Each structure stands twice: as structure tokens, then as C-alpha cells.
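Bear in mind that the values in this text are calculations on the coordinates, not laboratory data. Keep in mind it's a predicted model, so treat the numbers as computed, not measured. Positions of Cβ are backbone-derived with ideal geometry, glycine not excepted, and every protein chain shown enters the neighbour counts.
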């Protein structure tokens, strides 16, 4: 697994360099650098807004009593998106911008392209809904008193 990761990382660097050189021949060096930096800045700004939206969706899912696994999986895809936008290069920026689109993230999660994790779900209930079998009230225990009228000791 480690060797595959190293191979994939080296292949990514080679492909990114090839793409940067090819784009630099058409647009120019400064245009290519500006494009790479510009897409990273714009993508990270959009990512910040999407992260706030995702946190709101997570909070809504928990308050509504729904299992938040899909929202968490979509959030993991957003983390991958942020990493793609931070890596310098045009191909990773394209993949990162594509992952910013909520429809694509939801499609990936629906197809099962999400990390598998076992999140126990205890069945959250909204805080404003009481349990069905709870009765509000007060109680006290009466202790029988000994009375001199019922004295059987005579």
C-alpha cells in the first residue's frame, strides 16, 4: 500500500509538471502561475462558505434526529477538496473545484465512494420533543404512622 501511495504521488507530480509546461507554452509563464494561484484562492474562498453550509447541515441532521453519516461523508470529500486546492497544479485545482459542487459530492457519497466508518447511531431526538413514555409530575412516599387507636398490644 505504501509503495502504491509513493508511486501515485510521483505520477501526480509528473502529470502536474507536464500540464503546467503545456499550459505555459500556450498562455505564458506568468499566466500559468496566475491561473494556478487564482484558482487556489478562489477555490479556498468558496470552500470556506461550503464548510459553513456543511456544518449547518450537520447541525440540522442531528437536531432532526437523522443519522449524520452522509453529511459527515460529504464533509470528508470537502476535506479532500481543500487538499486538492492547496496542492499547486492545474489538474488538482480542477478536481478540487469539481468537488466544490454539492451535486458531485452527494453523487460520490450515494455511489459509495465515501470512507467506510462505523458510526453508532443512538437515535437522536430533537430537544423540543419529549419522550412518549415520560409523565411529568411530583411524588412523595407516605410512611404509615402508628396510631394509638389501632394499638393491639393491650
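Stretch residue 138-residue 7 to full length: gain in nm at 0.36 nm per residue minus the Cα-Cα span?
40.3 nm
Find the centroid of the Cα atoms in segment 7-31 and in segment 38-64, then give the distance between the two in whole Å.
The distance from the Cα centre of segment 7-31 to that of segment 38-64 comes to 29 Å.
Along its principal axes, what span do the Cα atoms of segment 9-110 show, with the longest given first and each in whole Å?
Principal-axis extents of the Cα atoms in segment 9-110, largest first: 55, 25, 18 Å.
Assuming R0 = 35 Å, can you tell me the calculated FRET efficiency for the pair residue 70 and residue 26, based on Cβ-Cβ distance, to the nearest 0.05?
0.30
Could you calculate the FRET efficiency of residue 57 with residue 110 from 1/(1 + (r/R0)^6), where r is the beta carbon distance between them and R0 is 25 Å, rounded to 0.05?
0.95
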